[in-house]
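Student: Take a look at this one; I'll ask things after.
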Amino acid sequence: MNAGRKTKSLIVGCAALLAAVSVGALAAADAQAATLRYATIGEPPSLDVQMGTATLATTIGQNMFETLYAFDSTGAPQPMLAESETVSEDGKTIVITLREGVPFHNGQTMTAEDVAASLSRWKEFGARGKTLNAASIEATGDNEVTITLAEVNGAWKSLLAFPNGGPVIYPADIVTAAGGEPIKPDNYVGTGPYKFVEWRPNRHVELEKFDDYASRSEPADGSAGAREATIDTLQFVPVGDVSTRVSGVQAGDYDYAEYISGDLYGILKDDPAIAPHISNAPIFGLMFMNSKEGILAGNYKLRQAVLAALNMTEALQISVGDEELFSAEGSIFPEGNVWYSKAGTENYNQNDPEKAKSLAEEAGYKGEPIRLLVSTNYQQHFDQANVFKQQLARAGINVELNVTDWATLLKERGEPQSWDMFMTHHGPSPDPVLLTFMNASYPGWWTSEERNADLAKLVGTSDLAERQEAWATTQALVYEQIPAVKVGDVFSFDIGSPQLKTTWDRAPAFPYFWGATK
Amino acid sequence: MWGYILKRTAAALATLVAASVLIFIFIHLIPGEPAAVMLGDAATPDQVAALRTRLGLDEPLFVQYFYWAGSALQGDLGRSIFFDEPVTSVIADGAQTSILLASITMVWVVLIGVPVGVIAAMRRGSWLDQGLSGLAMLLASIPTFWVGLYLILVFAAQLGWLPSSGYPSIFEEGGLANLRYLILPSLALATPNAALILRLTRASMLDVSKEDYVRTARAKGISPRQVTLRHILRNALLVVVSAFGFTFAALISEAVVTETVFALPGIGRTVVQSILRRDYPVIQGVILVIVCLYLVLNLLVDISYRFLDPRVELE
């Protein structure tokens, strides 16, 4: 073969390859029209949402799995797979009537046995199952389940509605076989508007429309009411780098991207290629204090000194950036929420180093190092810890940062001898009993006579007004005994394609896309 | 000869056992554990402890090692704690992407680095040579992730010519068209390496051009083009080609950053994510495979010396 023929063959070969690439690209573009591609911050640990509280698992899982109740736009639980319920006078026996004719993705129809088995597994092994405090859960009719509580639990309906680590309903044979083990992808069978297709590690999780989905007839309201899978396929793609997530939406490769850095908000909010979605459900930073061991254990005066020294506005400005994305709010629950309260919040955001010095002196503090455990995986935690260290230094309080990665922090915070304070954050919670610092076994281990008495009042009634009053008293105690310091409300910032039309304007805690068009 | 091969193989196996112990110990010495990462922030210590038990992570370390090593001997590297998939599948899937990415990158490196290096050498001292050498220095010193982000910004976000990230395999729907997902990452990865090959080609060309046989060729009246292509370039390429091997191996490790920026399901990104999640079986599996590869390659190189140069004594 001479040089001319070689060159010709090379050109023809390259042209053929280019043609193949172009034709394939056009076909791929057509397929994309019916698919919503969601760029996630990473890979979820498991989509068996009963067993874990990872936000991403809930965001994906809520499309496949449903709970007996779901929250409406005001945060009130409304029936989803449940039809109605009756509660006994003593508040301990709850009889739930189920909807009839609800199909699972595998073709079976949901029965009371499925619901009882799912709730029982969640009660035994679920991430939040113990919070219900159920003595027994039984199928007491074809479409009736009876929950008997060991103690009155005013939060029962919220607990059954919360999808994060919550009691989603699977077929009985699947939960029975799984027991305490996470359910494997082959058995991701639920009743939701989307069904599981495949999970390819490091590539995507794919769901497709469930044609036989039995929707509720009420109009959609928050997560409650009718759900319609208007987009054929949902693909959740792990894209770890935030710049790539942004460019991907600008390029049209992704329709939605989560957790965009706050410092990009000013640049992106006016970009015509992007529709910003600020969350309507703030997450809030928490600096936990060790109630079991160390210098802060039982020393409420010293904790109050720490709180008095802190300037939350400054910490939020530095760690979050744009003022539209944070609120220096002392109430644990945001304004507009049924649990919103100003009780105790006069002690929030004091920025008073002199008062802090005086309180520290009263507490007998002599400049001993206070160990603050923080991870670099969450930039906001790290920034806030650095700001707090400096603010506390101005009040004569000596903070030593122990900087690790998140996996190490999770390990070390379980060892009470290893730390005095640690940084974390808290997602939106539907009920005060689900707040991590209210859980005496969560690292921090807050328990006191006053706390236990307040908690008993909080769960001892189903009456909302009484529960709100009990929570206000508890929140005031939180600002007195300070199991954890609330840093402030942070509204996460997601972005989407301007063509994507969702049923919500501000992003919910777990963005969902039934009813969306693109 | 056979005695030598047996001895070297035994030494390689001993190294492998020592390496496997070290890998296992060092990985488990890192604080943190997969159970806590998997269960999420709201998990209580009791729940974490229960999952540790289910995953077999509460067994003594040496027991865990023998389970793992015993299975590895039978070709089973265990299951990923995070993905609940065989580690061999996770490695194979990641390696497919990484090797393809490195191969395409090498094509860019050769297509850009060698010809431009030749042009620079042929125009030694000219403004073109100085410009190209300066540009090569600049490109070699720019971090790959920065190049990657700008390529995405220009060719994906602004012009919309190529996808910004991800990579569906060429063996799936889309077929060869999916190669377009690797164009920008391979260009980003090729940039510093092409610059280095350019400089190496230029330097090697200049060295060879001073050789006596080049002067003789010129004296014989052979055309400058023929002298450059047949006498200088062919000999200069010996040095450059030997650098390709190192470059290709380095690309696999350099690809970690590129794979992260472009969200590619490669082996580098898998390892980094597995370290963050404390997915011990995947980390151990990947490192063990890499150690095996190095040992086998070294063994083959040692043995090949005897064939390449009979003067080498095998002691």
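Please treat every number below as a calculation from the coordinates, not as lab data. As the structure is a computational prediction, the values presented were derived from the model and not from experiment. Ideal geometry is used to build each Cβ from the backbone, glycine not excepted, and the neighbour counts take in all protein chains shown.
Student: So what is the 222 nm mean residue ellipticity for chain A from helices alone, if each DSSP H run of at least 4 adds -39500 (n - 2.57) and you divide by all residues, rounding to the nearest 500 deg cm²/dmol?
Tutor: That comes out to -9500 deg cm²/dmol.
Student: At a threshold of 8 angstrom on Cα-Cα distance, excluding pairs fewer than six apart, so keeping six or more, what relative contact order does chain A reach in percent?
Tutor: The normalised contact order for chain A reaches 19 percent.
Student: Same structure, new question: So who's got an amide H within less than 5 Å of the one on A:E228, skipping anything under 5 residues away but keeping other chains? H placed 1.01 Å off N, in plane.
Tutor: Distant-sequence amide H within range of A:E228: A:G515.
Student: Taking the beta-carbon count within 10 Å as an exposure proxy, list A:S462, A:S136, A:S492 from fewest neighbours to most.
Tutor: A:S136, A:S462, A:S492
Student: Another question, if that's okay. Mean-square fluctuation check for chain B, GNM, Cα pairs under 10 Å: which of B:A14, B:A203, B:A156 is largest?
Tutor: The residue with the greatest mean-square fluctuation here is B:A14.
Student: Oh, and also: With a 10 Å radius around each residue's Cβ, average the other Cβ atoms per peptide and rank B:50-63, A:100-113, highest first.
Tutor: A:100-113, B:50-63
Student: Still on this model: Near A:K355, which lysines are there with a Cα under 25 Å away, not counting those fewer than 8 places off in the same chain?
Tutor: Once the sequence-local lysines are set aside, what remains near A:K355 is A:K301, A:K342, A:K366, A:K389, A:K486.
Student: Report P(r) for chain A: all Cα-Cα distances, bin width 10 Å, range 0 to the bin holding the largest distance, values in whole percent.
Tutor: Using 10 Å bins, I get a P(r) of 4, 17, 26, 24, 17, 7, 3, 1, 1, 0 for chain A.
Student: What net charge do the residues around B:T53 carry, taking every other residue with its C-beta under 14 Å from that of B:T53, with Lys and Arg at +1 and Asp and Glu at -1?
Tutor: -3
Student: Most exposed first by the Cβ proxy, i.e. fewest other Cβ within 10 Å, how do B:I5, B:I27 rank?
Tutor: B:I5, B:I27
Student: Averaged across the residues of B:162-170, what count of C-beta atoms belonging to other chains lies within 10 Å of each residue's C-beta?
Tutor: Taking all residues of B:162-170 together, the mean is 6.
Student: Top mean-square fluctuation among B:A177, B:A255, B:A190, Gaussian network model of chain B, C-alpha springs under 10 Å?
Tutor: B:A177
Student: Per residue of A:398-409, what is the mean number of Cβ atoms on other protein chains within 10 angstrom of that residue's Cβ?
Tutor: 3
Student: Oh, and also: Can you find, among A:S120, A:F162, A:N187, the residue farthest towards the positive end of the dipole of the stretch A:102-193? Put +1 on the C-beta of Lys and Arg, -1 on that of Asp and Glu.
Tutor: Farthest towards the positive pole: A:F162.
Student: Between the stretch A:56-121 and the stretch B:65-119, what is the C-alpha centre distance in whole Å?
Tutor: Using only Cα atoms to place each centre, the spacing works out to 44 Å.
Student: Can I ask one more? Looking at chain B, do any whole DSSP H helices span at least 30 angstrom along their long axis by alpha carbon and average -0.5 or above on Kyte-Doolittle, and which?
Tutor: Result, helices passing both filters: B:2-29, B:87-108, B:183-208, B:234-261, B:280-308.
Student: Over what distance in Å are the Cα centres of the stretch A:328-396 and the stretch B:264-288 separated?
Tutor: 37
Student: Moving on. Amide H neighbours of A:E83 under 5 Å, counting only residues 5+ apart in sequence or on other chains, H built in-plane at 1.01 Å?
Tutor: Sorted by chain and number, the residues that satisfy this are A:T97, A:L98, A:R99.
Student: Tell me, what HN-Hα J-couplings in whole Hz come from the Karplus equation 6.51 cos²θ - 1.76 cosθ + 1.60 at θ = phi - 60° for each residue of the stretch A:421-429, using x for Gly and Pro?
Tutor: Once rounded to whole Hz, the list reads 9, 9, 9, 8, 9, 10, x, x, 10.
Student: Shielding of A:189-201 by partners, i.e. mean partner chain Cβ atoms within 10 Å per residue?
Tutor: That average works out to 2.
Student: Could you give each residue of the stretch A:121-131 its phi-based ³J(HN,Hα) in whole Hz, using Karplus coefficients 6.51, -1.76, 1.60 with θ = phi - 60°, and x for Gly or Pro?
Tutor: 5, 5, 4, 7, 10, x, 4, 10, x, 5, 5
Student: Right, here's the next one. What's the local net charge at A:R371, with K and R +1, D and E -1, over the other residues with C-beta under 12 Å away?
Tutor: That works out to -4.
Student: Among A:223-232, A:139-148, B:204-213, how do they line up from the highest to the lowest mean number of other beta-carbon atoms within 10 Å?
Tutor: Averaged packing, sorted descending, gives the order A:223-232, A:139-148, B:204-213.
Student: In whole Å, how far is the Cα centre of the stretch A:164-236 from that of the stretch B:192-206?
Tutor: Here the two parts' Cα centres lie 55 Å apart.
Student: Restricting to the protein assembly as shown, what percent of DSSP beta bridges are antiparallel, rounded to 5?
Tutor: Once the DSSP bridges in the protein assembly as shown are tallied, antiparallel ones form about 75 percent.
Student: Rounded to the nearest 500 deg cm²/dmol, what is the calculated helix-only ellipticity per residue at 222 nm for chain B, with -39500 (n - 2.57) per DSSP H run of length n ≥ 4?
Tutor: -22500 deg cm²/dmol
Student: Sort A:K195, A:K209 so that the residue with the fewest other Cβ atoms within 10 Å of its own Cβ comes first and the one with the most comes last.
Tutor: A:K209, A:K195
Student: Of the peptides A:270-276, B:76-82, how do they stack up when ordered by the mean number of other Cβ atoms within 10 Å, highest first?
Tutor: Ranking the peptides A:270-276, B:76-82 by packing returns B:76-82, A:270-276.
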